[in-house]
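Only the coordinates and a few stated rules stand behind these numbers; no lab work does. What you see is a predicted model; the values in this text were computed from it and never measured. Methodologically, a virtual Cβ is constructed for each residue, glycine included, from the backbone with ideal geometry; neighbour enumeration extends over all protein chains shown.
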Amino acid sequence: MRAHFSFSFLVKGIFSFSFLCLGFSAQAQQPTLIDNIVAKVGSHIILRSELEFQHSNALSQGYQSPQLRCDILKSLVQNKLLLARAEMDSVIVEESMVTGELENRLSTFISQIGSEERLEEYFNKPMNEIRSDLRRSIKEQMTLQRMEREIAGKIAVTPKEVQTYFNSIPKDSLPYYSTEVEVGQIVKISQIGNAQKQAAREQLEEIRRRIVAGEDFAKLAMQYSQDPGSGAAGGELGMLKKTDLIPEYVAAAFKLKPGEISPVIESMYGYHIIQLIEKRGEEFNSRHILIKPATGQADVALTTQQLDSIRTLIMKDTLTFAKAAKDFSDDRSTKGNGGMITLPNSPTTYIPVDKLDPSIFFVLDTLQVGSISKPLPYRTEDGKEALRILYLKSKNPPHQANLKDDYQKIAAAALNNKRNKAIAAWFEKNKDTVFVDVVQEFQACNLEN
C-alpha cells in the first residue's frame, strides 16, 4: 500500500524530542557526503541531505513504499511553498516565542544526552552553532504550523464524518492496539529557600568582583555559568532583539555601555550578571553568567507534605484529580489537561504501555485503576528538582480498533485526513504563485500532481 506523507507528518517528525528527529541534525554522527540542491522553491532550497534524512527517518518508523522519496520530496516542497507564502503574506512568528521554545528545547536535549560537551560531540559543532541552527529550525517549524492553522485550523469533523471515515477502512487494515493506560500527574517544584538564594547570590557577587578585578568574563562564564545554551560559548548570546529575552535581562542590559558589567539581577531562571558587548538600535549582543539556587533537603520535605495533603483530599473524594492538577500542579503541559500525560502529537490521552517512560511504567505496575502513588522524585524538563504523584485513571486491554473504545483516535485521524485534503487543495491552488524548480533526477516524481 502506498504511504501517504503530508505536511503534518513532517512537522510532527521535526518536533519530536528524539535526537534522530531534529530538523537541523541530518548529518549528526554520519559520514560527510557531497551535498547538493535537489529543489528550489522561491528563495528556499531543499538539500539532498535533508531529503535523505527524512527518508531514513521514515524507514525507521516503518513506512514502506516504492514512491517513498517522491512522497517525502513533495511534502518538503509543500513546506517550502508554505514558508515562501508566509513571507509574501507577512505571516510572522514572534521572536520571543521562538526564544522560549529554543531555551526549552536546548534544556531538554542537554538533559537527555547528559551535558553540553556530549551534545557538541554528537553534532560535531560548537554550542553557538547548535543554538543558531536550532533557532532557524524552530522558527521554520512555528511558521509552518501557523500557516497550517491559517489554511485548515478551523476545519472540524462531525460524528457522521468520523463514522464514514472509519467505515472506509478495510477491516483487515484496522490497527491492533496493545495494552494502553491513561496516566495523570501533579507536579510540585521544590521551592527554593532563602538560604539557597542567598548562597547563589553571594557566589555570583564573588564572581563579579573577580571580573571587575581583571579576570576574563568569558572564561569565568565557561567555568561557572549554569546556562546550558551559552555557558560553553563564554556566556555570549549573539545579536538579539529586545523581545527575544526576558524583561529583567533586557532592562539591565540596556542600562550598560559596551564592556560594562551589570549588578546581580534576579529572574525566573536564577541570578545573572551581564556584560554588554554591542548595541545597535533595538538589537544587542551580550554575555552573562547564570547561577541557579540549589534546592535544600528541607524544601523537598515541605513539597512532599504539600503533595501528601493534595493526595489525601483526592482519595477522600473532596477534590477531583483534574481540579487538583489545574489548581496546584506546576507542570504547564499537563495542568490544563486534567493532569493527563500524553505522547507528543497524540490525539488521545491513552498511552501504549511500551511507550511509557520506565520511571512511570514501574510505578503503575504497583497501582490499581483509580489509585494514586505517593510523592516521587522528579526532575522537570528544564532541570528543576520536583516531586510528583501519579494517577492511573484507566487501563485498556489489547484490542482491534473500534469506534467505542478508540473514538478519539479515529476522530483525530478523520480530522487529519480532512485537513490534509484542504492543504493539498491549497497547494494545487497556490503552487504557481511561487517558482518551483526540481532537478532532473526527481522530475519523474511528478510533484505537480
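Seen from S178, the other residues with C-beta closer than 10 Å to its C-beta sum to a net charge of -1, counting Lys and Arg as +1 and Asp and Glu as -1. Report note on the peptides 282-289, 81-88: ranked by the mean count of other C-beta atoms within 10 Å, highest first, their order is 282-289, 81-88. Taken along its three principal axes, the alpha carbon spread of the chain comes to 72, 62, 39 Å, from the longest extent down to the shortest. From most to least packed by mean Cβ count within 10 Å, the peptides 134-143, 247-256, 229-238 give 229-238, 134-143, 247-256.
When DSSP beta bridges are restricted to pairs lying wholly in the chain, around 100% turn out antiparallel. Which percent of the Cα-Cα distances in segment 194-291 go past 17 Å? Within segment 194-291, distances greater than 17 Å cover 45 percent of Cα pairs. Here the alpha carbons of segment 263-384 define both size measures, Rg and Dmax, at 19.9, 61 Å. From most to least packed by mean Cβ count within 10 Å, the peptides 100-113, 175-188, 207-220 give 175-188, 100-113, 207-220. Other residues lying with their Cβ under 13 Å from the Cβ of L313 contribute a combined charge of 0, Lys and Arg counting +1, Asp and Glu -1. Taking θ as phi - 60° and the Karplus parameters 6.51, -1.76 and 1.60, the scalar couplings of segment 248-254 work out to 4, 5, 4, 4, 5, 5, 6 Hz in sequence order, x denoting glycine and proline. When the C-alpha to C-alpha distance is required to be over 27 Å, the pairs from K74/K418; K292/K316; K154/K188; K316/K404; K241/K429 that qualify are K292/K316; K154/K188; K316/K404; K241/K429. Taking Cβ atoms as reference points and 15 Å as the exclusive limit, the residues near Y165 contribute a net charge of +4, counting Lys and Arg as +1 and Asp and Glu as -1. Percent of C-alpha pairs per 5 Å bin in segment 346-439, short distances first: 2, 9, 13, 13, 12, 11, 10, 8, 8, 6, 5, 2.
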